[in-house]
Amino acid sequence: MSDATIIDGKAFAAGLRARLADQVARLKEAHGITPGLSVVLVGEDPASQVYVRNKGKATAEAGMKSDQFNMPETASAEEVLAKVAALDADPEVNGILVQLPLPPQVDSAAVINAIDPGKDIDGFHVINVGRLATGQESLVPCTPLGCLLMLKDYAGPLVGKRAIVVGRSNIVGKPMAQLLIRESCTVTIAHSKTQDLPGECRRADIVIAAVGKPEMVRGDWIKPGATVIDVGINRIERDGKMKLVGDVAFEEALTVAGAITPVPGGVGPMTIACLLRNTLHAACRQHGLEVPPETI
Ligand code: NDP
């Protein structure tokens, strides 16, 4: 059997970002609207700082307004909630993203649920979670949305396919499973208590790995020809060098799968592209405009 197709998330994301930039320009020209995303960063976690910087840069490159509000590690829950309330009330702000994790004195759920659901670009607000689960229009979490867009392109028709989502977090695993149910896949959700995980994976036409354990999913867990989406980002040391690897043993899976995302260059770039997509869609809906079909 020949090697799997490598799903080029970078190229896929570049295409989506170009279409988004085009639609942002049209929105400005036709309606004088510039979509705006505001990011709130509490504390100085280095990884969060990098993520927030990248999000800001991508937003600006798409022609959108990008604001970043830094709050100290010692900020109280009331101060963070007051910031969110101010952004909720600002009509120039179409999207709000509070970078997680938050420091322990701030209740993340309370902060997320204080965001106006129509501006909840991450799709984490309980109302958006409920809307997704009940098949209503909602803002959908960016990482699973990016996975779905790539799957739709590479896995052929999804209807009736057997999919396994390994991981049941609120930000990846659960919304991913909801999206696949919406596409009429038959979905298994696996987690740390699942028995015979290799056997469960071997039955699947689509494997989504979102575990956070380097190279846990082995090549002989994959059904020949399956589509594999690797969400994991793990930094490991190999041959004396630091390296990024996913949750799937890539080289092994490559010889069995039909298509597979690499790490890096797979799911990661699509997450940021979907953040921009959600911001544009939020801005359109807030102004009573149709969401551009080119960006769905
Ligand atoms: P969480 O730690 O929140 O969830 C991990 C899930 O994996 C849990 O449901 C856990 O099960 C399950 N799990 C852990 N160990 C095993 C095991 N041995 N067998 C089966 N299941 C197991 O992680 P996230 O969902 O936030 O992230 C997952 C990965 O995706 C991470 O590597 C993260 O860095 C990456 N990520 C990448 C993004 C991107 O843009 N590419 C964005 C977000 C995340 P249980 O519930 O039983 O504990």
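The values are calculated or read from the model by the stated rules, or taken from the named source; none is laboratory data. Values in this document were obtained by computation on a predicted structure and should not be read as measured data. Backbone-built Cβ (ideal geometry, glycine too); neighbour counts: all protein chains shown.
Quick look at the values:
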| read-out | value |
| --- | --- |
| Residues (in a helix (DSSP H, G or I) and under 20 Å from Asp107 (Cα atoms)) located in the range 27-46 | none |
| Test result for Glu79, assigned to a helix (DSSP H, G or I), without any contact (Cβ under 8 Å) to a residue 60 or more places away in the chain and surrounded by fewer than 20 Cβ atoms within 10 Å (Cβ to Cβ) | yes |
| Within the range 189-216, considering residues that are touching an Asp or Glu at 6+ places or on another chain (Cβ under 6 Å) and assigned to a strand (DSSP E or B), the one nearest to Leu151 (Cα to Cα) | Ala209 |
| Hits in the range 278-296 - residues which are at pLDDT 95 or above and of a type in the set (Ser, Thr, Tyr) | Thr279 |
| Lone qualifier among Met242, Met270 - being among the hydrophobic types (A, V, I, L, M, F, W, C), within 16 Å of the ligand (Cβ to nearest atom) and surrounded by fewer than 19 Cβ atoms within 10 Å (Cβ to Cβ) | Met242 |
| Residue that is modelled with the lowest pLDDT, among those in the range 154-179 that are more than 9 Å from the ligand (Cβ to nearest atom), surrounded by fewer than 20 Cβ atoms within 10 Å (Cβ to Cβ) and part of a loop (DSSP other than H, G, I, E, B) | Gly156 |
| Subset tally (residues that are away from the ligand (no atom under 14 Å from the Cβ), farther than 15 Å from Arg182 by Cβ and touching a helix residue (DSSP H, G or I) at 6+ places or on another chain (Cβ under 6 Å)) for the range 122-153 | 2 |
| Residues of the range 88-108 satisfying the condition of being farther than 22 Å from Gly36 by Cα and either in contact (Cβ under 8 Å) with a residue 12 or more places away in the chain or part of a loop (DSSP other than H, G, I, E, B) (or both) | Pro101, Leu102, Pro103, Pro104, Gln105, Val106, Asp107 |
| Residue check for Gly225: away from the ligand (no atom under 16 Å from the Cβ), in a loop (DSSP other than H, G, I, E, B) and surrounded by 12 or more Cβ atoms within 10 Å (Cβ to Cβ) | yes |
| Verdict on Ala114 being more than 10 Å from the ligand (Cβ to nearest atom), part of a loop (DSSP other than H, G, I, E, B) and in contact (Cβ under 8 Å) with a residue 24 or more places away in the chain | yes |
